[in-house]
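Presented below is the structure to which this report refers.
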Amino acid sequence: MKKHILLWLDDLRNPVLRIPGEDYTWLEKYAPVNDANNFQVVWVKTYDEFCNHIIKNGLPAVICFDNDLGEQKEGYDCAKWLVEYCMNYNKKLPKYNVHSYNTVARENIFSLLNNFSELY
């Protein structure tokens, strides 16, 4: 049986490594599903990798966003692109969560995605 895809967007944090000082992984803490280990995790680190993965493979079942990607384009840019992609192809957003430590960016990403989800 083919596993569903969980797309992990983060330039630094490996989703399957334990969080320093904790007894769980980044994925276990931040994936918006109860059975994250039953998903095939695809780790993308840049805006281009994020967009290209979705263009090539379609929407994943779940996306976990970081914002600060160490480049000009950030997680918020990925979220804006995702909303546009979903509008263009008449798709619903996948399940999502934002694990960025940047509180302003985290709220901006959540606001954008939540507002779009309410409309579609």
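Per-structure values
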read-out	value
At most 16 other Cβ within 10 Å, DSSP loop - chymotrypsin sites (Phe, Trp or Tyr not before Pro), segment 1-93	Tyr24, Tyr89
Calculated log₁₀ intensity ratio I(q)/I(0) where the Debye formula runs over C-alpha points of segment 44-90, q = 0.16, 0.20, 0.28 Å⁻¹	-0.39, -0.61, -1.16
DSSP beta bridges in the chain [antiparallel fraction, %, rounded to 5]	5 percent
Accessible surface of segment 19-120 [probe 1.4 Å, protein heavy atoms]: carbon and sulfur percent	43 percent
23 Å Cα cut-off, lysine pairs counted over the chain (separation 8 or more, or different chains)	25
Only Lys, Arg (+1) and Asp, Glu (-1) charged, at Cβ; segment 72-120 dipole about Cα centre in debye	160 debye
Val98 long-range amide H proximity, modeled H, under 5 Å	Phe65
Using alpha carbons only: equivalent-ellipsoid semi-axes of the chain, gyration tensor based, whole Å	21, 17, 14
Residue-normalised accessible area of the chain, expressed per residue, 1.4 Å probe, Å²	59 Å²
Helical mean residue ellipticity (222 nm; -39500 (n - 2.57) per DSSP H run of 4+; nearest 500) of the chain	-12000 deg cm²/dmol
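The values are calculated or read from the model by the stated rules, or taken from the named source; none is laboratory data. Bear in mind that the values here come from a model prediction, so they are computed numbers and not experimental data. FYI the Cβ positions are ideal-geometry reconstructions off the backbone, even for glycines, and counts take in every protein chain you see. Calculation scope for accessible area: heavy atoms of the full protein, side chains included, ligands and nucleic acids excluded. Shrake-Rupley method; radii C 1.70, N 1.55, O 1.52, S 1.80 Å.
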